[in-house]
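Structure record follows, encoded as structure tokens.
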Amino acid sequence: MIGRLNHVAIAVTDLAAAANQYRTMLGAKVSAPQPEPAHGVTVVFVELPNTKVELLEPLGENSPIAAFLAKNTSGGIHHMCFEVDDILAARDSLKAAGARVLGDGNPKTGAHGKPVLFLHPKDFNGTLIELEQA
Ligand code: CO
């Protein structure tokens, strides 16, 4: 069912410092910061040959990554995103297999303008999984 690893998302406390580290220490191509008010984060995309790393910083009062950063004070891997060909078929198949889909179960528009869903980390070895329509 799952295809390419679209991105690994890392929650950070200082987006400018993290972006600069990827740019200068790791020699990566790093985008300008992109505010995503609907998702409560500001994102920087690190472009790698085979996937992306997304650096996420909280934006606004009710950021969904605020609690994560309160527990992981130096930041950490927040989720992984796998591509699927048909997100509704993937959702239905996962729900039938007992996985919990977060929110109301309907896809939302993600950072790349495509439908996304999140799966409960307790159902996937402690890892929050995002599915994105390819
Ligand atoms: Co993501």
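Is there a residue in segment 86-102 that is among the hydrophobic types (A, V, I, L, M, F, W, C), under 18 Å from L5 (Cα atoms), out of contact with any Pro (no Cβ under 8 Å at 6 or more places or on another chain) and part of a strand (DSSP E or B)? No, segment 86-102 has no match at all.
Does segment 51-59 include one or more residues that are touching a residue at least 60 places away in the same chain (Cβ under 8 Å), part of a loop (DSSP other than H, G, I, E, B) and touching a helix residue (DSSP H, G or I) at 6+ places or on another chain (Cβ under 8 Å)? No - not one qualifying residue is present in segment 51-59. With the condition kept exactly as written, say whether any residue in segment 19-28 is touching a residue at least 60 places away in the same chain (Cβ under 8 Å) and surrounded by fewer than 13 Cβ atoms within 10 Å (Cβ to Cβ). The answer is no; no qualifying residue exists.
For (1) polar (S, T, N, Q); (2) within 12 Å of the ligand (Cβ to nearest atom); (3) in contact (Cβ under 8 Å) with a residue 60 or more places away in the chain; (4) open to solvent by 60 Å² or more (accessible area, probe 1.4 Å), each residue gets a yes or a no:
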{"position": "I77", "(1), (2), (3), (4)": "no, yes, yes, yes"}
{"position": "R91", "(1), (2), (3), (4)": "no, no, no, no"}
{"position": "D104", "(1), (2), (3), (4)": "no, no, no, yes"}
{"position": "P115", "(1), (2), (3), (4)": "no, no, no, no"}
{"position": "D123", "(1), (2), (3), (4)": "no, no, no, no"}
{"position": "E130", "(1), (2), (3), (4)": "no, yes, yes, no"}
{"position": "Q133", "(1), (2), (3), (4)": "yes, no, no, no"}
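The values are calculated or read from the model by the stated rules, or taken from the named source; none is laboratory data. The structure displayed is predicted, hence computed values, not measured ones. All Cβ positions, glycine included, derive from the backbone under ideal geometry; neighbour counts span all protein chains shown. Please note that ligands, DNA and RNA were not included when accessible areas were found on the heavy atoms of the full protein model with its side chains. Shrake-Rupley method; radii C 1.70, N 1.55, O 1.52, S 1.80 Å.
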